[in-house]
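Peer 1: A single structure is presented below for examination.
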Amino acid sequence: MAASAMHISPFLPLPLPTQFSSFTRCFFNFHSTLSISPRLSLSTLRSSSAPPMETRTNIIPPSDSVMIDKEVNKIKNILACSICRGPLTAAADSGLSVESTNGYQLECGTCKKSFTGSESHLDLTITGGINSGESMPAATEIFRTRLVSFLYERGWRQSFSVLLGFPGPEKEFELIKNFITPVLGGSIIDASCGSGMFSRIFAKSGLFSSVVALDYSENMLRQCYGFIKQEENFPNERLVLIRADIARLPFASSSVDAVHAGAAVHCWPSPSAGVAEISRILRPGGVFVASTFIMDGPFSFVPFLRIQIEGIQQIAGSRIFLSERELEELCTACGLVDFKCLRNRQFVMLSATKRS
Ligand SMILES: C[S@@+](CC[C@H](N)C(=O)[O-])C[C@H]1O[C@@H](n2cnc3c(N)ncnc32)[C@H](O)[C@@H]1O
């Protein structure tokens, strides 16, 4: 299905370079209702292809118009069993936060499966606590290694800006905020959070009642925990770190206001299983926002480069680079509507809303 109502946004002050103009599908396909800060014009994106890495983003004061529930976050109430999706009951009355996961115990009221937390995170995978010997495709497994988890925010993520046109954390956060304006003040799951660069920004922004940093990689979550511990005055009570598979999300259906998946869809073993799960947990009107790579342009036309991409996909064990059209079709197939996207070189950020 083609992206509809395509237009070039008026906040693009400069002519598009060849690389943009030669691919005309939805490079900027915002609906007119979406307000994008003038600071985030395409020219800004383009000129910032290699921004300095900034993971200690300043705390952004909550906007006056966003009402935040000041109580301990309510994530505990929307957790569900990753096996049968029954409600989980905590052994203790205490709220769930970064500081309370150590030894935290949950049990499914339906199938009686139990889950336990470690110092850094709560493991809600089906195989949490047992050694199943099972492994995921390479695109997932590589991020479970200590080395890649360590390097991720120490250069790896920065290379996306230089090589692929990612705008960098601060500008990406601005773009995310614009996409999720209708649900600010609610809960957000940072799905496939890696070492939690955006989860930490979300928590510090004060724009969400609760934030879940969710990833399949134990080592990424440990890194996230380490970064949090280094920060003074981090709002621990607003964030929970959870290990889970994107294809088996441990949340009740229609319970979450927003899901963000930064630079992740191409790492999932099955993007359709991931997006279907995200659609399931979003409440009607809830918003999914994601960034990923699109390997088109020279990558799809030059046979040599195309073979390289196909080789990477075979090694990765999944079809990791979807086109923008495929991403839109996937969202639509999973019951998400109002697809929007923006692009800068290989970088694409998309959003779609759970049908009301
Ligand atoms: C490239 S990193 C993105 C990290 C971060 N969101 C960002 O914006 O930089 C991709 C992440 O996807 C996670 N991932 C891969 N397969 C997954 C799965 N099946 N379920 C959940 N997360 C997964 C990896 O562990 C990794 O942390």
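Peer 1: Among Ser149, Ser159, which is the only one that is open to solvent by less than 60 Å² (accessible area, probe 1.4 Å) and either free of Cβ contacts under 8 Å to residues at least 60 places away in the same chain or over 26 Å from Asn102 (Cβ atoms) (or both)?
Peer 2: Numbers: Ser149 fails: either free of Cβ contacts under 8 Å to residues at least 60 places away in the same chain or over 26 Å from Asn102 (Cβ atoms) (or both).
When all the criteria are applied, what remains is Ser159.
Peer 1: In addition: Return only the number of the condition from (1) aromatic (Phe, Trp, Tyr); (2) open to solvent by 10 Å² or more (accessible area, probe 1.4 Å); (3) more than 9 Å from the ligand (Cβ to nearest atom) that Tyr216 does not satisfy.
Peer 2: Unmet condition: (3).
Peer 1: Is it the case that the stretch 256-263 has a residue that's open to solvent by less than 40 Å² (accessible area, probe 1.4 Å), part of a helix (DSSP H, G or I) and more than 8 Å from the ligand (Cβ to nearest atom)? Steps first, please.
Peer 2: Here is the first cut: in the stretch 256-263, the ones open to solvent by less than 40 Å² (accessible area, probe 1.4 Å) are 256-263.
Filter once more, keeping what is part of a helix (DSSP H, G or I): none.
No; the residues of the stretch 256-263 include none that is open to solvent by less than 40 Å² (accessible area, probe 1.4 Å), part of a helix (DSSP H, G or I) and more than 8 Å from the ligand (Cβ to nearest atom).
Peer 1: May I ask you to list the residues in the stretch 179-198 that are in a strand (DSSP E or B) and more than 13 Å from the ligand (Cβ to nearest atom)? Quick ask: steps written out before the conclusion?
Peer 2: The first filter runs over the stretch 179-198 and keeps only residues in a strand (DSSP E or B), leaving 187-191.
Result: Ser187, single match.
Peer 1: Given the criterion within 15 Å of the ligand (Cβ to nearest atom), under 23 Å from Ile83 (Cα atoms), outside any loop (DSSP other than H, G, I, E, B) and open to solvent by less than 10 Å² (accessible area, probe 1.4 Å), identify the matching residue among Ile201, Ile242, Ile176.
Peer 2: Residue meeting the stated conditions: Ile242.
Peer 1: Could you please tell me which pairs satisfy a Cβ distance under 6 Å, a separation of 6+ or placement on different chains, a first residue in the stretch 191-217 that is under 13 Å from Ala261 (Cβ atoms) and free of Cβ contacts under 8 Å to residues at least 12 places away in the same chain, and a second residue that is assigned to a loop (DSSP other than H, G, I, E, B) and open to solvent by 10 Å² or more (accessible area, probe 1.4 Å)?
Peer 2: Hits for this filter: zero, empty list.
Peer 1: Checking Ser272 against (1) of a type in the set (Ser, Thr, Tyr); (2) touching a Pro at 6+ places or on another chain (Cβ under 9 Å); (3) within 15 Å of the ligand (Cβ to nearest atom), only one condition comes out false. Which one?
Peer 2: Ser272 satisfies all of (1) of a type in the set (Ser, Thr, Tyr); (2) touching a Pro at 6+ places or on another chain (Cβ under 9 Å); (3) within 15 Å of the ligand (Cβ to nearest atom) except (2).
Peer 1: Moving on. Can you tell me how many residues within the stretch 221-239 are open to solvent by 10 Å² or more (accessible area, probe 1.4 Å) and in a helix (DSSP H, G or I)? Give the derivation first.
Peer 2: Initially, the stretch 221-239 is screened for residues open to solvent by 10 Å² or more (accessible area, probe 1.4 Å), giving 222-223, 225-227, 229-238.
Then drop every residue that is not in a helix (DSSP H, G or I), which leaves 222-223, 225-227, 229-230, 236-238.
Total meeting the criteria: 10.
The values are calculated or read from the model by the stated rules, or taken from the named source; none is laboratory data. As the structure is a computational prediction, the values presented were derived from the model and not from experiment. Heads up, the Cβs are rebuilt from the backbone with ideal geometry, glycines too, and the neighbour counts pull from every protein chain shown. Side chains are part of the model used for accessible areas, which takes the heavy atoms of the whole protein and leaves out ligands, DNA and RNA. Shrake-Rupley method; radii C 1.70, N 1.55, O 1.52, S 1.80 Å.
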